[in-house]
Amino acid sequence: MNTDLFTLDPTETYRVELYVRSLAPTGAYERQMEVLDRLECLAERGRVESVSSAVWGNRICPRTDLCDETGHSILEDIDRLRTWAADHDASLDPFFEEREVNSLVERAHTVIVPPVLCLAVHDGEGLRGVFPCAKDGETYTVADGLDALENAASSDALAGGVPTQS
């Protein structure tokens with residue numbers, strides 16, 4: 001593992017993208033609002049330069065020939081997050097679940113079920129971390145990413161939050 005993979009520079013400010021899933025399970029809305037509140041506090045304290053958010057559907061069709069502009073943008077975001085994971089020997093599975101669905105009017109097809117929340121942390125050089133992710137048998141949650149941003153001045157690792165076992 002690159003030991004600097006999850007290291008935050010206390011002098012750096014970060015840009016954060018928060019992706020939220022619409023039609024999320026019961027209780028998810030409250031969790032989504034808590035995360036947004038924490039990000040707003042980080043922005044007010046100058047720890048985060050900017051926060052953007054996007055809403056994903058509860059299922060995403062990965063066929064680009066069936067996508068509109070929004071669908072293409074979502075798929076590009078997912079590809080960018082997956083590329084980061086691959087480049088850092090991390091995994092976004094099972095957080096971005098692919099499954100076969102059937103309906104009465106359509107043939108069976110594959111869809112991507114995104115996580116309820118996904119946090120992408122950027123610095124001046126590019127994508128710095130994606131939460132949730134898994135690496136070396138550890139799961140790093142959105143809360144871990146937020147904790148690291150909050151504790152960057154006194155903590156030296158994004159994994160400074162307590163990772164949960166996968």
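None of the figures in this text is laboratory data; all of them are computed from the coordinates on show. Since this is a predicted model, take the numbers as computed values, not measurements. All Cβ positions, glycine included, derive from the backbone under ideal geometry; neighbour counts span all protein chains shown.
Given charges of +1 on the Cβ of Lys and Arg and -1 on the Cβ of Asp and Glu, with all other atoms neutral, how large is the dipole of segment 14-152 about its Cα centre, in debye to the nearest 20?
So the magnitude is around 260 debye.
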Quick one: Karplus J couplings for segment 136-141, per residue in order, coefficients 6.51, -1.76, 1.60, θ = phi - 60°, nearest Hz, x for Gly and Pro? 6, x, 10, 9, 10, 8
Have a look at Tyr29, Pro94, Leu127 and report the one farthest towards the positive end of the charge dipole of segment 1-136, computed about the Cα centre with Cβ charges (Lys/Arg +1, Asp/Glu -1). Tyr29
Counting sequence-distant residues (5 or more places) and residues on other chains, those with an amide H built under 5 Å from that of Asn58 are Ser22
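Counting other Cβ atoms within 10 Å, which GluC sites (Glu not before Pro) in segment 22-124 have at most 10 and lie in a DSSP loop?
Glu106
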Return one quarter of the surface area of the convex hull spanned by the alpha-carbon atoms of segment 14-152, equal to its mean projected area, in nm². 9.5 nm²
Rounded to the nearest 5, what % of the DSSP beta bridges within segment 14-152 are antiparallel ones? 70 percent
